[in-house]
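The values are calculated or read from the model by the stated rules, or taken from the named source; none is laboratory data. Predicted, not measured: the structure shown is a model, and the values here were computed from it. With ideal geometry, Cβ positions are generated from the backbone for all residues, glycine too; neighbour counts draw on all protein chains shown.
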Amino acid sequence: MVTITNHMPTAELQALDAAHHMHPFSANTELGREGVRVITRAKGVWLTDSEGEEILDGMAGLWCVNIGYGREELAEVAARQMRELPYYNTFFKTTHVPVIALAQKLAELAPGDLNHVFFSSGGSDANDTNIRLVRTYWQNKGQPDRNVIISRKNAYHGSSVGSSSLGGMAGMHAQGGIIPNIHHINQPNWWAEGGDMTPAEFGLARARELEEAILELGQDRVAAFIAEPVQGAGGVIVAPDTYWPEIQRICDKFGILLIADEVICGFGRTGNWFGSQTLGIRPHIMTVAKGMSSGYVPIGASIICDEVAEVIGMEEFNHGYTYSGHPVAAAVALENLRILEEEKIIDHVRDVAAPYLKQKWESLLVHPLVGEAKIVGMMGSIALTPDKGTRAKFAAEAGTVGYICRERCFKNNVIMRHVGDRMIISPPLVITPAEIDEMFVRIHKSLDEAHAEILERGLFRSAA
Ligand SMILES: *Cc1c(COP(=O)(O)O)cnc(C)c1O
């Protein structure tokens, strides 16, 4: 047996990784040739790699490390729970204390009468739960034909076949197809798709596509509408202000269930406990994961309103995961929520970090590459463009310039992601103004270098 440790040379670790580890959302053959970055430890907002580089994590891992890295308390709780009760299921007339406590806490934090929690191991399987939940709900109410779920193009709801069908990522649908009775409407992305409309007009028009879809499919066929309060993986797309009130009106009018996918927006990211509160949405079901445990352990859930839970409870619900309400995951998530609450981290977001980040983020608009800067709480995006006035796309294939910019960020030890030609950030919520300053030194340097590179390579040109 080989012992693989942090102290091995990077090249050896990379070779072993390339030989045996298949990475998500990657072209693995090419990646293996290039060599991956090896992260060895982390503290606060900082990652350390196997070369000793200190990297500022502007993405909080995958939008999840809300309280920052390296919190001893979570390690302690996990160790204690593993010693006391490392595992037991919640299937057969059984429960345990961590899952009771976490469900109670989530019901207390969630708005309105979202009082019932069904646990999963992450966001994808929670959304799979939601598909079965909403279809079973209508079946139990004697309307089995009401089984179509409406979602949006360029939405991200997970990577399992069910949740990626809900999602609107064409590249994922092309590999494995989608399940039946999911219908996609257009996204409220004004920068890319708004044409000559004002943002307000466009927001209304895109919301009304929901009403048109319901009428086209038949009112008695539509079970639910699912959406992220702010689209995350789609590029931090913030809908115009007119959008959500109109969506809420339409859901109310037709009595369809509204599912808010809060996997990114939940637990402080938008400046409130949930994105639904920031955007004035009243969902029947919320999907949560990521920030619920700050990523320290895998756990997700569907948080369900009284009426839906009551209808589901009428019959046996044929659904569950081995790790639904895993005691170690539940105990760690609960400790994470305690820290968020007692250290007033959401107040820090609202009063300190988000206003400061917004001011810095919007100042990027003066950069020659940046056409639009959007930000809600601690999630932001900029659109890169060769011509701000016309919101032009680049002549080069979509994502070429975004990729160049992301590579420059990597090189300058700041993590920002690109989605096509949008750059996005979602730092840990505990980031301080001084760390935000440091992040922007690196972002400015990276944007300037990317600008120089695309000029030099003749890529600073608009599509015809
Ligand atoms: C990440 C994400 C998911 C999927 O969660 P996993 O834990 O990766 O399965 C679902 N919905 C949204 C909005 C997400 O950002």
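Taking the range 319-358 as the range and being acidic (Asp, Glu) and part of a helix (DSSP H, G or I) as the test, the residues that pass are GLU335, GLU341, GLU342, ASP347, ASP351. Just one of the listed residues (MET378, MET423, MET439) is touching a strand residue (DSSP E or B) at 6+ places or on another chain (Cβ under 6 Å), touching a residue at least 60 places away in the same chain (Cβ under 8 Å) and crowded, with 17+ Cβ neighbours inside 10 Å, namely MET439.
Rundown of residues vs (1) more than 16 Å from the ligand (Cβ to nearest atom); (2) under 30 Å from VAL288 (Cβ atoms); (3) touching a residue at least 40 places away in the same chain (Cβ under 8 Å); (4) of a type in the set (Asp, Glu), yes/no style:
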site	(1), (2), (3), (4)
LEU13	yes, no, no, no
THR29	yes, no, no, no
ARG33	yes, no, no, no
GLY44	yes, yes, yes, no
GLU51	yes, no, yes, yes
CYS64	no, yes, yes, no
GLY70	yes, yes, no, no
GLN81	yes, yes, yes, no
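Of all residues in the range 90-121, how many are farther than 19 Å from LYS290 by Cα, assigned to a loop (DSSP other than H, G, I, E, B) and hydrophobic (A, V, I, L, M, F, W, C)? Residues that pass the stated criteria total 2. The residues of the range 62-89 that are assigned to a loop (DSSP other than H, G, I, E, B) and surrounded by 13 or more Cβ atoms within 10 Å (Cβ to Cβ), listed by number, are CYS64, VAL65, ASN66, ILE67, GLY68, GLY70, ARG71, LEU85, TYR88, ASN89.
With respect to GLU316, determine if the residue is assigned to a loop (DSSP other than H, G, I, E, B) and either without any contact (Cβ under 8 Å) to a residue 40 or more places away in the chain or touching a helix residue (DSSP H, G or I) at 6+ places or on another chain (Cβ under 6 Å) (or both). Judged against the criteria, GLU316 is a match.
Quick grid of which residues meet (1) under 17 Å from PHE410 (Cβ atoms); (2) at pLDDT 95 or above:
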{"residue": "GLY420", "(1), (2)": "no, yes"}
{"residue": "SER426", "(1), (2)": "yes, yes"}
{"residue": "PRO433", "(1), (2)": "no, yes"}
{"residue": "GLU438", "(1), (2)": "yes, yes"}
{"residue": "ALA450", "(1), (2)": "yes, yes"}
{"residue": "ARG461", "(1), (2)": "no, yes"}
{"residue": "ALA464", "(1), (2)": "no, no"}
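The set of residues in the range 1-33 that are loosely packed, with under 11 Cβ neighbours inside 10 Å and under 30 Å from MET169 (Cα atoms) comprises ALA19, HIS20, MET22, PRO24, PHE25, ALA27, THR29, GLU30, ARG33. Determine whether the range 201-211 contains at least one residue that is closer than 21 Å to GLU372 by Cα and of a type in the set (Phe, Trp, Tyr). The answer is yes; a qualifying residue exists.
Residues are listed down the side, and each one gets a yes or a no for (1) among the β-branched types (Val, Ile, Thr); (2) more than 12 Å from the ligand (Cβ to nearest atom); (3) closer than 23 Å to GLY235 by Cβ:
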| position | (1), (2), (3) |
| --- | --- |
| PHE118 | no, yes, no |
| SER121 | no, no, no |
| SER124 | no, no, yes |
| ASN127 | no, no, yes |
| ASN140 | no, yes, no |
| VAL148 | yes, yes, no |
| LYS153 | no, yes, yes |
| HIS157 | no, no, yes |
| SER160 | no, no, yes |
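Within the range 116-145, being surrounded by fewer than 19 Cβ atoms within 10 Å (Cβ to Cβ) and either charged (D, E, K, R) or in contact with a Cys (Cβ under 7 Å, 6 or more places away or on another chain) (or both) holds for ARG132, ARG135, LYS141, ASP145. Here the condition is being within 12 Å of the ligand (Cβ to nearest atom) and in a loop (DSSP other than H, G, I, E, B); of ALA260, ALA301, ALA233, ALA239, it holds for ALA233 alone.
Comparison of ALA450, ALA463, ALA395 shows that the only residue that is under 30 Å from GLY195 (Cβ atoms) and outside the structural domain of ASP57 (by TED's automatic domain parsing) is ALA463.
Restricting GLU315, GLU310 to those that are in the same structural domain as ILE100 (by TED's automatic domain parsing), exposed (fewer than 15 other Cβ atoms within 10 Å of the Cβ) and closer than 25 Å to PHE274 by Cα reduces the list to GLU310. Pairs are defined by a Cβ separation below 8 Å, a sequence spacing of at least 6 or placement on different chains, a first member in the range 112-128 that is of a type in the set (Val, Ile, Thr), and a second member that is within 13 Å of the ligand (Cβ to nearest atom); the pairs so defined are VAL117/ALA301; VAL117/SER302.
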